[in-house]
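S.K.: One structure follows; several queries about it will come next.
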């Protein structure tokens, strides 16, 4: 999964958490689930640019101290293992995370699953009234 998609997923989950710590943890856990989806990875340079853009947007719109930003960081951090492995030429069989070493979603040529997941996450982040099915209008926090 592209790191930016992980960040968007973590931000969407973080927005539903009660604390930044919980958001960070659940963001990291979401990384494992997202990596199980069929997807295509990119080279490090493209991944870095897209991740910086996603984190920048989340930071600017929600704040660097927000639960959304903590969730985004938590979800993207596990991909540091991939960066280190590529730089040091470590084979994927020696990586620690199971979704990076053995149980990785099958590789696809397209980005359909990632685009779909990104759109759902963006909708949750930027249109919370729709994603909460009107809960905020009734005074509920949607959590």
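Only the coordinates and a few stated rules stand behind these numbers; no lab work does. Remember, it's a predicted structure, so these values are computed and weren't measured experimentally. Here Cβ is always computed from backbone atoms with ideal geometry, including for glycine, and neighbour counts include all displayed protein chains.
S.K.: Given [x] 44; [y] 26; [z] 31, which label gives percent of Cα pairs over 25 Å apart as computed from the coordinates?
M.R.: Derived directly from the coordinates: [y].
S.K.: Compute the helix-to-body angle for 3-14: its Cα long axis versus the longest principal axis of the chain, expressed 0 to 90° and rounded to tens.
M.R.: The helix 3-14 is inclined about 30 degrees to the chain.
S.K.: I need the calculated FRET efficiency for the pair residue 40 and residue 84, taking r as the beta carbon distance and R₀ as 22 Å, to the nearest 0.05. Don't skip to the end; give the middle numbers.
M.R.: On the way: r = 21 Å, r/R0 = 0.94.
Using R0 = 22 Å, I get an efficiency of 0.60.
S.K.: Show that you can apply the helix-only estimate: for the chain, add -39,500 (n - 2.57) for every DSSP H stretch of four or more residues, divide by all residues, and state [θ] at 222 nm to the nearest 500.
M.R.: Working: 8 runs with 89 residues, N = 143.
Taking each H run of at least 4 residues, the total per residue is -19000 deg cm²/dmol.
S.K.: Now a separate question. Over the chain, calculate the relative contact order: mean separation of alpha carbon pairs under 8 Å at least 6 apart, over the residue count, as a percent. Could you put the intermediate results ahead of the total?
M.R.: Details: 232 pairs, mean separation 49.1, N = 143.
Once normalised by length, the contact order is 34 percent.
S.K.: Follow-up question, since we're still on this one. Given R₀ = 25 Å, what would the calculated FRET efficiency be for residue 120 paired with residue 61, taking r from the Cβ atoms and rounding to 0.05? Present the calculation step by step, with values, prior to reporting the outcome.
M.R.: Numbers: r = 17 Å, r/R0 = 0.68.
With R0 = 25 Å, the Cβ-Cβ based efficiency is 0.90.
S.K.: A further question follows. Run the simple label-point estimate for residue 127 and residue 49 please: 7 Å along Cα→C-beta, distance reported in nm.
M.R.: Once both label points are built, they end up 2.9 nm from each other.
S.K.: Separation between the residue 111 and residue 29 pseudo-spin-labels, each 7 Å from Cα along Cα→Cβ, expressed in nm?
M.R.: In this crude label model, residue 111 to residue 29 measures out at 2.9 nm.
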